[in-house]
Amino acid sequence: MIGGLMSFTKLCGSLAMLSLAICLNAKNPNQVNTKSGAVKGSMSADGKVREFKGIPYAAPPVGPLRWKAPQPVTAWTTTLETTKFGARCMQGNVYGDMGFRDDGPSENCLYLNVWTPVVEGKKHAPLPVMIWIYGGGYAAGATSEPRQDGEMLAKKGVVVVSMNYRLGVFGFLSHPGLAKEMGRNGSGNYGLLDQAAALEWVQKNIKAFGGDPGNVTIFGESAGSFSVSGLMASPAGKGLFQKAIGESGAFFGTSLAVKPASEAQLAGEKFAATVGASSIEELRAKTADELLAAAMKDRGGFPVSVDGVFFTENPSATYAAGKQAHVPLLAGWNANEMGGGMMFGKDKPSVDLYKAKLQERYNDNADKLFELYPATSDEQAVQAAGDLGSDMFIAYSTWKWIELQRTTGQSTVYRYEFDDAPPMTPSRGAYHSAEIEFVFEALPSKKLDWRPEDTKLSDTMSTYWTNFAKTGNPNGEGAPPWPAYLVENGNPVMHLSFEPKAMPEQNRARYEYLDKMLGNK
């Protein structure tokens with residue numbers, strides 16, 4: 001029976017125009033044959049989306065496969081039930097706003113999910129594919145978060161895929177012993193290699209789910225957005241996608257900066273010493289819980305590095321030379337990525353304290369920064385500190401990415417700023433990650449007093465994102481015009497608020513000065 005189904009799948013995959021109902025198996029439309037075996041998913045409550053959760057895309061990275069590049073998954077011969085999320089990757093409680101719907105954490109976590117719409121009619125062309133990469137500082141996160149469920153996006157005519165990838169010490173430990181074992185100068189970045197492996201899985205399997213492997217958009221938030229910028233620069237991502245969306249972050253600033261191999265390996269050696277391991281064999285002998293407990297003493301963070309496989313050089317050099325993927329890019333950040341109170345800590349904010357903090361942190365740059373982020377009242381001091389903190393944390397790196405892609409990537413770029421402050425008391429403004437549930441039309445995932453205007457904006461944003469995935473252009477019927485980010489257009493930025501509108505770029509002088517200050521001329 002399985003052999004017959006596999007032959008039928010090959011026939012479906014060869015058709016330029018395919019019938020989604022047939023390729024999903026006429027007798028059981030929730031069953032699909034992947035290259036590794038048959039999977040059986042479920043139908044959404046309204047019958048409009050087929051959902052496949054917890055599909056293994058690589059071998060479990062356990063035992064001797066811990067700290068190795070993802071390996072092919074072993075094929076299965078019986079139909080695999082894929083109706084629940086696979087375990088999330090090992091992680092501690094790093095971010096209090098994350099909630100999960102899986103049975104994790106576990107080292108055995110390399111699973112992905114597919115949401116594919118039920119399309120009316122007997123035949124249709126393969127659908128655009130959107131591959132989501134979650135954020136969490138490479139220390140936390142998983143695809144089972146309710147705010148990033150792919151069902152609603154799929155209803156807008158795209159196939160949505162999301163994958164788990166290794167985190168923290170399991171995903172990013174670099175060590176001289178690992179470099180020697182692999183025969184190269186660097187090591188680490190296993191979590192990023194997991195992402196590339198999931199993209200390769202999509203190339204091999206997504207036709208069977210009704211998706212077009214030649215029309216793939218990668219998109220992500222925070223560390224996921226950094227990953228998108230990295231995949232565009234990495235040899236591992238070459239040819240695996242045609243468009244990119246980045247929400248808050250890229251590898252061009254001080255946050256999650258890519259470290260040289262030697263620096264990352266030194267950090268790995270120091271970590272090994274804390275658990276009493278002098279070799280990779282001794283590290284692999286440690287239990288996952290032992291390693292996680294030791295890593296969490298430093299909040300679980302391990303640096304991304306020039307490992308020789310995912311990154312053969314710092315991605316800033318790749319972009320500067322114009323060697324990154326020349327694909328359309330839609331990117332931006334939120335208006336209030338970081339609150340101003342963080343600069344002042346427990347002290348009462350004031351203009352004088354703000355000036356003192358600038359001097360303490362930025363020395364010779366303090367006066368110019370005060371000019372660019374001015375304050376004449378204590379209230380303005382909090383706002384100015386927040387603006388500077390947001391720029392240093394996320395905005396500058398995203399701006400630099402956008403600029404380089406426009407100038408060296410030979411690609412159309414669309415830039416946004418998310419301005420909507422979710423209805424919270426006290427208000428946090430448009431805080432870091434606030435746009436996620438808007439993009440996925442998943443506002444109900446958070447129990448807030450959402451307003452009709454929030455719902456409308458969410459619909460508009462998901463339309464922009466799916467339009468871009470379909471054509472490389474976010475514009476379409478029913479959405480306010482979004483001009484490309486061009487000098488001749490005045491560098492327009494799409495402000496995503498209750499009444500979305502494009503406005504000329506503001507505060508360019510800030511980013512140009514930070515570019516000079518941080519040495520990225």
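The values are calculated or read from the model by the stated rules, or taken from the named source; none is laboratory data. Note that the structure is predicted; figures quoted are calculated from it, not measured. Note that each Cβ is placed from the backbone with ideal geometry, even for glycine, and that neighbours are counted across all protein chains shown.
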### Message
Whether any residue in the stretch 170-186 is closer than 21 Å to Ala198 by Cα, in contact with a His (Cβ under 7 Å, 6 or more places away or on another chain) and small (Gly, Ala, Ser) is what I want to check.
### Response
no
### Query
Could you say whether any residue in the stretch 442-457 is charged (D, E, K, R), surrounded by fewer than 16 Cβ atoms within 10 Å (Cβ to Cβ) and in a helix (DSSP H, G or I)?
yes
### Residue list for the stretch 465-481, filter: β-branched (Val, Ile, Thr) and outside any helix (DSSP H, G or I)
none
### Task
Taking only the stretch 430-483 into account, find how many residues are farther than 22 Å from Tyr95 by Cβ, out of contact with any Leu (no Cβ under 7 Å at 6 or more places or on another chain), among the small types (Gly, Ala, Ser) and touching a residue at least 24 places away in the same chain (Cβ under 8 Å).
2
### Message
Restricting to the stretch 315-373, name every residue that is of a type in the set (Asp, Glu) and surrounded by 17 or more Cβ atoms within 10 Å (Cβ to Cβ).
### Response
Glu337
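Mind checking which residues of the stretch 253-309 are among the charged types (D, E, K, R), part of a helix (DSSP H, G or I), over 22 Å from Pro64 (Cβ atoms) and under 28 Å from the mean Cα position of the chain (by Cα)?
Within the stretch 253-309, Glu263 is the sole residue that qualifies.
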### Answer residue from the stretch 224-254, given it is of a type in the set (S, T, N, Q) and modelled with pLDDT of 95 or more and is surrounded by the fewest Cβ atoms within 10 Å (Cβ to Cβ) among those
Gln242
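Conditions (1) modelled with pLDDT of 95 or more; (2) β-branched (Val, Ile, Thr); (3) assigned to a strand (DSSP E or B); (4) in contact with an Asp or Glu (Cβ under 7 Å, 6 or more places away or on another chain), marked per residue:
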residue: Pro483; (1), (2), (3), (4): yes, no, no, no
residue: Val493; (1), (2), (3), (4): yes, yes, yes, yes
residue: Phe498; (1), (2), (3), (4): yes, no, no, yes
residue: Met503; (1), (2), (3), (4): yes, no, yes, no
residue: Arg510; (1), (2), (3), (4): yes, no, no, yes
residue: Tyr513; (1), (2), (3), (4): yes, no, no, no
residue: Lys516; (1), (2), (3), (4): yes, no, no, no
residue: Asn520; (1), (2), (3), (4): no, no, no, no
### Summary
Exception for Tyr138 within (1) at pLDDT below 95; (2) closer than 26 Å to Ala294 by Cβ falls at (1)
### Message
Suppose we filter Glu269, Glu263, Glu247 for residues that are without any contact (Cβ under 8 Å) to a residue 60 or more places away in the chain and among the acidic types (Asp, Glu); which single one remains?
### Response
Glu263
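Looking at the stretch 486-512 only, could you name the residues that are crowded, with 17+ Cβ neighbours inside 10 Å, of a type outside the set (Val, Ile, Thr) and out of contact with any Ser or Thr (no Cβ under 8 Å at 6 or more places or on another chain)?
Asn491, Pro492, Met494, His495, Ala502, Arg510, Tyr511
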### Query
Could you count how many residues in the stretch 50-90 are part of a loop (DSSP other than H, G, I, E, B) and either closer than 30 Å to Lys180 by Cβ or not hydroxyl-bearing (Ser, Thr, Tyr) (or both)?
23
### Task
Go over the candidates Ala469, Ala479 one by one and state the one that is under 26 Å from Phe251 (Cα atoms) and surrounded by 14 or more Cβ atoms within 10 Å (Cβ to Cβ).
Ala469
#### Entry: the stretch 36-85, residues that are buried (at least 19 other Cβ atoms within 10 Å of the Cβ), on the phi > 0 side of the Ramachandran plot and either out of contact with any Gly (no Cβ under 9 Å at 6 or more places or on another chain) or charged (D, E, K, R) (or both)
Gly37
